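Before any comments, here is the structure.
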Amino acid sequence: MVLSDMLRNPGIVPALAVPAEGAVASAARREGVEVAIVPFGAVSEIRRPLRPRVIGEAMRDFYRAAAALRRAARTLGADVIHSNGMKAHSIAALARMTGSPPLVIHIHDLPVYRSEAAVWRTLARAATQTIVVSRACWPDASLPRNVTVVHNGFEPAVLNTTPAASPPLTIGFCGRLHPFKGVHLLPDWLAAARDAGIDARLIVRGEAAPEHASYVEAIRARVAALGLDDQVDFEGRREGLEAIFGGLHAVVVPSDTPDPLPRSVMEAMGLGLPVIGYPAGGIPEMIAHGRNGWLVADADGFVAAARVLAAGGAPVEAIRGAALETVQRDLSLPVMYERLDAIYARALQR
């Protein structure tokens, strides 16, 4: 989704290089974007955590891919190469070292391992400019001169489906059901709200990958053990903003494992929905506690936020207005495009 947004930047003429034909290439061509294929070969097999032996075995294909990228850049007439994804960054950095145009790398990940933090620093030294989607993505206390935070953007919209003002308070989790997303915290938080006398229900919209089926079963078992079957609905995957966020009073994003910049936070805020987010990763860069949402790390904090939401009135309307203003000021597509264009300009000046 972020790549699609960047290709629509009115300040550039985009071209796309991808490792193989597929849905991304087809979607770009439908938008009139020229596409080149740069095969990654064995580089595609590299997985986290990084293994030196696997990287060494792929080294020949790193050089082949870098050469293919240089040729594609010449054919497409590229002034700047903008890379996304660690494998693409590494190939583009090697191409830059051997004569390709100025390079902007765009980091959407957190360095989980020390070896990855070292890779981040090495890539930033090789690149002309480096973008991180949140301050949390950079492993050090200060940013190098050529590293800039550019938050992803979202175009604010209006929901056509809103819940009734009367109870119950309807809170939604909207996203992947993954252990990193903190969904396992929500049954206990909801039980604490019930015990505090708050009439609330939780709607879970999303699905898990097959390898995380046991994680979902454990959450369902916890819901049953707490006597919350009538207050929790698992609705599965939804498509489109109306289907994902419609009918909710608020959204909860309990990612206790740091998440670089959860799109569900900015989407909900841009739709005027209050967000209860875990204070980790890039979430505190979007939510100012008590002003445009809530930062919550435990059941007590969740109950406090739910109590304000259940009461409704002017305090909640102020949160909704501030959330929308935050997206318009800092997290909208025009703001993202303006910041990207400034980075491209700096890359061309070097």
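The values are calculated or read from the model by the stated rules, or taken from the named source; none is laboratory data. All values reported here derive from a predicted model rather than from experimental measurement. Neighbour counts are summed over all protein chains in view; Cβ atoms, including those assigned to glycine, are modelled from backbone coordinates with ideal geometry. When the accessible area is computed, the model is the full protein with side chains, heavy atoms only, and any ligands, DNA or RNA have been set aside. Shrake-Rupley method; radii C 1.70, N 1.55, O 1.52, S 1.80 Å.
Quick notes on this structure:
- Sequence-separation-based contact order of the stretch 135-281, relative, with Cα cut under 8 Å and 6+ spacing, percent: 33 percent
- Dipole magnitude (debye, nearest 20) for the chain, charges at Cβ of Lys, Arg, Asp, Glu: 1580 debye
- 3J(HN,Hα) from dihedral phi, the stretch 170-176, Karplus parametrisation 6.51/-1.76/1.60, rounded to Hz, x for glycine, proline: 10, 10, x, 9, 10, x, 5
- Under 5 Å, built H, 5+ apart or other chain: amide partners of Ala208: Leu177
- Kirkwood estimate for the chain, i.e. one over the average of 1/r between Cα atoms, Å: 21.8 Å
- Whole-Hz couplings from phi, Karplus 6.51/-1.76/1.60, listed for the stretch 243-250; x for Gly and Pro: 6, 6, 10, x, x, 9, 7, 7
- As a length-normalised measure over Cα pairs under 8 Å and 6 or more apart, the relative contact order of the chain settles at 16 percent.
- For the listed peptides 259-271, 179-191, 243-255, a ranking on the average number of other beta carbons within 10 Å per residue, highest first, reads 259-271, 243-255, 179-191.
- Amide H within-cut-off set for Asp259, under 5 Å, with H built and near neighbours excluded: Gly281, Gly282, Ile283
- Å² per residue, accessible surface of the chain at 1.4 Å: 47 Å²
- Only the Cβ atoms of Lys and Arg (+1) and of Asp and Glu (-1) were treated as charged; on that basis the dipole of the stretch 220-350 about its Cα centre amounts to roughly 360 debye.
- Loop-located chymotrypsin sites (Phe, Trp or Tyr not before Pro) in the stretch 72-174 whose Cβ has at most 12 other Cβ within 10 Å (DSSP): Tyr113
- The Kirkwood radius of the stretch 29-70, taken over pairs of alpha-carbon atoms, gives through the Stokes-Einstein law at 20 °C and 1.002 mPa s a diffusion coefficient of 184 µm² s⁻¹.
- Diffusion coefficient, µm² s⁻¹, Stokes-Einstein with Kirkwood Rh over alpha-carbon pairs of the stretch 1-134 at 10 °C and 1.306 mPa s: 104 µm²/s
- Note on the chain: with a GNM built from Cα contacts shorter than 10 Å, the maximum mean-square fluctuation among Ala193, Ala209, Ala299 falls on Ala209.
- Cα convex hull volume per residue for the stretch 111-153 (Å³): 67 Å³
- Farthest toward positive dipole pole in the chain [+1 Lys/Arg, -1 Asp/Glu at C-beta], among Val303, Gly290, Gln328: Gln328
- Taking the accessible area of the chain, probe 1.4 Å, and keeping the other protein chains in place, the carbon and sulfur fraction comes to 54%.
- Simple Cβ-charge dipole of the stretch 120-206, Lys/Arg +1 and Asp/Glu -1, about Cα centre, in debye nearest 20: 400 debye
- Between amide H atoms placed 1.01 Å from N, distances below 5 Å from Leu16 occur with Glu34, Val35, Ala36, all of them 5 or more places distant or on a separate chain.
- For the stretch 213-260, the C-alpha radius of gyration divided by 2.2 N^0.38 Å, with N the number of residues, is 1.37.
- Vicinal HN-Hα couplings computed from phi for the stretch 268-276 (Karplus, 6.51 cos²θ - 1.76 cosθ + 1.60; Hz; Gly/Pro x): 4, 4, x, 9, x, 9, x, 10, 9
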